[in-house]
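Quick notes on the structure that follows.
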Amino acid sequence: MRRSFLWLFLIGSVLALLLAGCSDQSSQVTGPQQQSSQTSQAGARAPLLPKVTGGNYIEGSYIVVFKDAVADVDNEVNDIGQKHAVKANFTYKYALKGFAGKLSAAQLEALQNDSRVAYIEQDQIAHIFASQLNPPSWGLDRIDQRNLPLDATYVYNQTGTGVVAYCIDTGIRQSHTDFGGRAVFGYDAIINGGTANDDNGHGTHTAGTIGGAAYGVAKNIKLVAVKVLNSSGSGSYSQVIAGINFATSDHQAHPGPAVANMSLGGPVDAGLDQAVRNSIASGITYCVAAGNSSADASTQSPADVTEAVTVAATDISDAFASFSNFGSVVDIAAPGVNITSDWNTSNTATNTISGTSMATPHVCGAAALYLEANPSATPATVQSALKSNGTSNVISGVPSGTVNLLLYSVVASGPPPPPPPAPTLASPANGATGVSIPATLSWNASSGATSYRAQVSTVSDFSTLTYDQSGITSTSTSVSGLSANTLYYWRVNASNAGGTSAFSTVWSFTTGSAPPPAAPILSSPLNGSTNVSRNPTLSWNASSGATSYRVQVSTDPSFGTLVYDQSGVTSTSTTVSGLAGRITYFWRVNATGSGGTSGWSAVWSFRTRKN
C-alpha cells in the first residue's frame, strides 16, 4: 500500500523547468558525485518514476534520491561509483540526499535494486518563455498602495538590510550599477568553475526587481547569484536541485534572514519539490512562480509546494494576467505585465518583459522587507504575513478557485521615517552674476532625503517655471536652455518615504553673456575632392547657438585673395557660381550667434572640372 502511494505521489515528477516569465531551454547536469550499492531485499525495488507527457528528457541522465536513513551521502556516492563505475555530476546533501549523473541500463537496474535508493527519475530540460515589450515599469508604484490610480511614488519603510536573497535563475550581471556591489557570486551549476554570470538576462531582471537600487523592492538586500540555467534559459532538473542544495548549505553556514526566488517551474517533480520543502525547513522563505500556461498551478513544480509562496501575475489595470497559472495553490498575485528591470547586456541596461517570473520577485522583495523588521520570522510566518497584509478583491478576471489577493509591500513593522529638513543651497552663491549656461545648481544634502526637486523661475513667486525637475538623487542639477544676461530665482526641496520638506530659501543668480557658437564642421564637397562642378554647393554642419554663417573661398590656403566672401548665410549651405575650371580652391566657414563669432572651421580644398 505504501509502495502504491509512493508510485502515485511521484507520478509526473519529471521537471521541465519553464522559467515562469521568460523563455529558456534547459541544459544538462554537470557537477561532482558518486554512490555505493547494496542489493535491496526482495520487494524493496526503488521505482523509476514514469515520464510525464510533454517532458523533454535527457537520454541516459538520471536523478537518484536516497532514503532519509542514509547518513553519509559522500561515502555512499563513492561506494556506488567504485562498484558500478558511476560518475556523479552532482551530489545532494542538504536540500535532499542523492546524486545525479549518467546511467547505463545495467547501472540503472543495479541502483533500482539498491536498498539505499528511495526512487529514481530521468533528468529533463527546462525552458523559459518571454515577451519583449516597451512600456515603462509600474510594478513598484502599484504594490505600495491599496487601490488604483497609481500615484507615481513607491513608499517603503524598510530596505531589506541584513537579508540575503538567493536568486536561483540564469545568474546575475553582478557588475550592474543598479546593484551597487550587493550582487555576489554564489554557485554555478552550468559551468564548472563558473562565476554565475548572467548570459541570458532573465536572472538579472528578476534580481533587479528584488533588490535593485532603482528597480527593486528591497533596495539594500544582498543578492546571491545561483546559476542553474544557461544562456538560452535552459537547465536540467538536476542543475536546479543543485542550486537549491547550495542555497540550503550556504544558509546553514551563514544563518540569518533569507529568501529565495524561483522564477521557473515545470511539470510536477518529486525531487524538486522535496528539495524546496527541505530548504524551506532550513529557514529560507521561497517565492515561486505559478507559471505562464493559463493552467492550474498545482500541475507545476515548485508552484505546487504549499510551504512556498506561489505567485500569479496581474497587469497595470489590476486584471489577472491572461497567461498566468491559477488555482488553489496560488497564495498571492503581483505585477507581472510590462515590468521594467535591469538587464545583462551592459552595466546600465534595462529591459521590459512579462510573466509570473516578473511577479514573483516583487513578492520576494516584500518578504525581505518583512524579514528586516522581523529577522527571526519563520518561512511560514512570512508567508502568513504576506497573505494577511495583501489587498483583497481588487483584481478582475480571477479564475474560479483562485485567491483574489494583490501584494501590498508595506508589511514591515515600524512607522515611516520623518520627512527630511529643507535643503540649504550652496552654489551659485546668492546674487551671483555672470553664471555660465548651462548653469550647475548645487545644495547640501538633507538628512534622510532620498530625492530632491529643483525649480528655476524668472519671477520670485515661482508662478511660472523655467525649470522644474523632481526625482533628483544627487545634490546638484544642470539647467540648460537659460537666456543670457537674465535674472533667475531657484529653490530646492527634499523627499523620503515619510514625506516632502518645505522648499529651501530662495536664491537668485544672473546669467552671463552667451558663449559664441562653436566653429562649424565642413561636410561637402569632401576635402581634396576633384572634378567638382564650377558652380559647387558648399555645405557644413550646424553650430549650436549660431544664427548666421560666413563663407570664404580662395585660390590660396592663407585666404590672401578671396573669390567668394559671403556673410549672413542663414542656412548650412551656399552655392558659389562662376569658378574657373581645373583650379584648386580652398574654403572655410565661421558662425555668429548672440554670444559672438566663432573661429574659422578647418580649411578644406577641392579642384574644379574643366567645364
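Points worth noting:
- Pair list, Cβ under 6 Å, 6 or more apart: region 311-322 residue surrounded by 19 or more Cβ atoms within 10 Å (Cβ to Cβ) and at pLDDT 95 or above, other residue among the hydroxyl-bearing types (Ser, Thr, Tyr) and assigned to a loop (DSSP other than H, G, I, E, B): Ala312/Ser324; Ala313/Ser324
- Summed over region 290-310, the residues that are surrounded by fewer than 24 Cβ atoms within 10 Å (Cβ to Cβ) and assigned to a helix (DSSP H, G or I) give a count of 2.
- The listed residue being at pLDDT below 95, part of a strand (DSSP E or B) and aliphatic (A, V, I, L, M), out of Ile58, Ile63: Ile58
- Among the residues here, Arg550 qualifies as free of Cβ contacts under 8 Å to residues at least 60 places away in the same chain and not hydrophobic (A, V, I, L, M, F, W, C).
- Verdict on Ser396 being touching a residue at least 60 places away in the same chain (Cβ under 8 Å) and at negative phi: yes
- Number of residues in region 201-231 that are farther than 27 Å from Gln274 by Cβ, polar (S, T, N, Q) and not in a helix (DSSP H, G or I) equals 2.
- Only one entry in Gly599, Gly578, Gly595 is under 17 Å from Pro525 (Cα atoms) and either polar (S, T, N, Q) or out of contact with any helix residue (DSSP H, G or I) (no Cβ under 9 Å at 6 or more places or on another chain) (or both), namely Gly578.
- Region 68-108, residues that are more than 20 Å from Ala189 (Cα to Cα) and surrounded by 14 or more Cβ atoms within 10 Å (Cβ to Cβ): Val70, Glu76, Asn78, Asp79, Ile80, Gly81, Lys83, His84, Gln107, Leu108
- Single match in Ser298, Ser324 (criterion: more than 19 Å from Leu386 (Cα to Cα), of a type in the set (S, T, N, Q) and in contact with a strand residue (DSSP E or B) (Cβ under 8 Å, 6 or more places away or on another chain)): Ser324
- Region 511-542: number of residues that are in a loop (DSSP other than H, G, I, E, B), at pLDDT 95 or above and either among the polar types (S, T, N, Q) or under 17 Å from Ser598 (Cβ atoms) (or both): 6
- Residues of region 562-586 satisfying the condition of being among the β-branched types (Val, Ile, Thr), under 23 Å from Asn611 (Cα atoms) and part of a loop (DSSP other than H, G, I, E, B): Val576, Ile583
- Number of residues in region 488-507 that are surrounded by fewer than 22 Cβ atoms within 10 Å (Cβ to Cβ) and aliphatic (A, V, I, L, M): the value is 3.
- Screening the candidates Gly256, Gly194, Gly203 for the property of being over 24 Å from Ile332 (Cα atoms), in the same structural domain as Cys167 (by TED's automatic domain parsing) and modelled with pLDDT of 95 or more yields one hit, Gly194.
- Filter result for Gly160 (part of a loop (DSSP other than H, G, I, E, B), out of contact with any His (no Cβ under 7 Å at 6 or more places or on another chain) and surrounded by 24 or more Cβ atoms within 10 Å (Cβ to Cβ)): yes
- Selection of region 446-475 for residues being part of a loop (DSSP other than H, G, I, E, B) and either under 13 Å from Ser495 (Cβ atoms) or in contact with an Asp or Glu (Cβ under 6 Å, 6 or more places away or on another chain) (or both) yields Ser446, Ser447, Gly448, Ala449, Thr450, Thr473.
- Flag if Lys51 is out of contact with any His (no Cβ under 8 Å at 6 or more places or on another chain), surrounded by fewer than 19 Cβ atoms within 10 Å (Cβ to Cβ) and at pLDDT 95 or above: no
- Options Gln252, Gln239; residue that is over 25 Å from Asn404 (Cβ atoms), touching a residue at least 40 places away in the same chain (Cβ under 8 Å), surrounded by fewer than 24 Cβ atoms within 10 Å (Cβ to Cβ) and in contact with a Ser or Thr (Cβ under 9 Å, 6 or more places away or on another chain): Gln252
- Here Asn347 meets each of (1) surrounded by fewer than 22 Cβ atoms within 10 Å (Cβ to Cβ); (2) over 30 Å from Thr177 (Cα atoms); (3) touching a helix residue (DSSP H, G or I) at 6+ places or on another chain (Cβ under 6 Å) with one exception, condition (2).
- Residue in region 266-289 that is part of a strand (DSSP E or B), β-branched (Val, Ile, Thr), assigned by TED's automatic domain parsing to the domain that holds Cys167 and more than 22 Å from Val410 (Cβ to Cβ) present: yes
- On the stretch given as region 438-477, residues that are β-branched (Val, Ile, Thr) and within 31 Å of the chain's Cα centre (by Cα) total 5.
- For region 181-198, a tally of residues being in a loop (DSSP other than H, G, I, E, B) and within 13 Å of the chain's Cα centre (by Cα) returns 1.
- Hits in region 116-129 - residues which are modelled with pLDDT of 95 or more and not in a strand (DSSP E or B): Arg116
The values are calculated or read from the model by the stated rules, or taken from the named source; none is laboratory data. Keep in mind that this is a model prediction, so the values were computed, not measured. Ideal geometry is used to build each Cβ from the backbone, glycine not excepted, and the neighbour counts take in all protein chains shown.
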